[in-house]
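One structure is given here, and the rest of the page talks about it.
No lab work stands behind these numbers, since they all come straight from the coordinates. Please read all numbers here as calculations on a predicted model, not as lab measurements. Cβ placement follows ideal geometry from the backbone for every residue including glycine, while neighbour counts extend to all protein chains displayed.
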Amino acid sequence: MHNLGVLISGRGSNMMAVHDHIQSGALGAEISVVISNKPQAQGLTFAVENGISTAVFEPKDYASNNAYEQDIVTCLKSFKVDLVVLAGYMKLVGDPMLQAYEGRMVNIHPSLLPSFKGLNAQKQALDYGVKVAGCTAHYVIRDVDAGPIILQAAVPVLDDDTEASLSARILEKEHEIFSMAIQEALDQLN
Ligand code: GAR
């Protein structure tokens, strides 16, 4: 059984979806640890309630980003994590995590990459006026939202969409494809 280390920064709905897929047997893995860079991340509560180990590392407690990430890597290694899953982790990934886990680290992004990288991807899509939006599960490399694509899913953009309504439609697809992409990435490890 492969061990997942899931990094979050907030709500954690993608982490919950991964957990659900594991519980239903659709995804053959275990969430070994949930790590957040924010102590108030709502997803931490779900993890604790479901008996998953959690850890919080706050960048402000460190002299450098490298030192911060080094502690995350140490934690991931202590849990024998095979695949790092960025599930709404709203921080750029730097050298320590890349050196330890490049090729074994995946992210979910709420746009059809390579369009609309970075923050507020759903708003970027609305502002641009695209008629099709979606989400992308991909490997993490140094360049932001630019790693090899594993899976994508598309949704229509409706004339009366708001950022909230479009984000919700995309999020449903995120929850579907992320676990499938994680399974694909795990299959590559063997
Ligand atoms: C998701 O929509 C995810 O794709 C996005 O943040 C949200 C987190 O929601 N991630 C990014 O924008 C990364 N650049 P969640 O905490 O409920 O999973």
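Using only the C-alpha atoms, the convex hull of the chain corresponds to 114 Å³ per residue.
Against the compact-protein benchmark of 2.2 N^0.38 Å, the Cα-based radius of gyration of the range 24-123 scales to 1.13. Each stretch of four or more DSSP H residues adds -39500 (n - 2.57); spread over every residue of the chain, this sum gives -12500 deg cm²/dmol at 222 nm.
When the alpha carbon coordinates of the range 53-109 are projected onto the principal axes, the ranges are 27, 26, 23 Å, largest first. For the listed peptides 87-96, 54-63, a ranking on the average number of other beta carbons within 10 Å per residue, highest first, reads 87-96, 54-63.
The mean sequence distance of close C-alpha pairs (under 8 Å, at least 6 residues apart), as a share of the length of the range 69-190, puts its relative contact order at 23 percent.
Spatial offset of the range 121-172 relative to the range 1-16 amounts to 19 Å, using the alpha carbon center of each.
What does the charge add up to near Met90, with Lys and Arg as +1, Asp and Glu as -1, over the other residues with Cβ less than 14 Å from its Cβ? Net charge around Met90: +2. Kirkwood radius for the range 85-158, taken over all pairs of different Cα atoms as the inverse mean of 1/r, rounds to 12.7 Å.
Counting only C-alpha contacts under 8 Å and six or more residues apart, can you give the relative contact order of the range 1-103 as a whole percent? Could you put the intermediate results ahead of the total?
On the way: 175 pairs, mean separation 38.1, N = 103.
In percent, rounded to a whole number, it is 37.
The distance between label points at Ile149 and Glu163 comes to 2.5 nm (points 7 Å beyond Cα on the Cα→Cβ vector).
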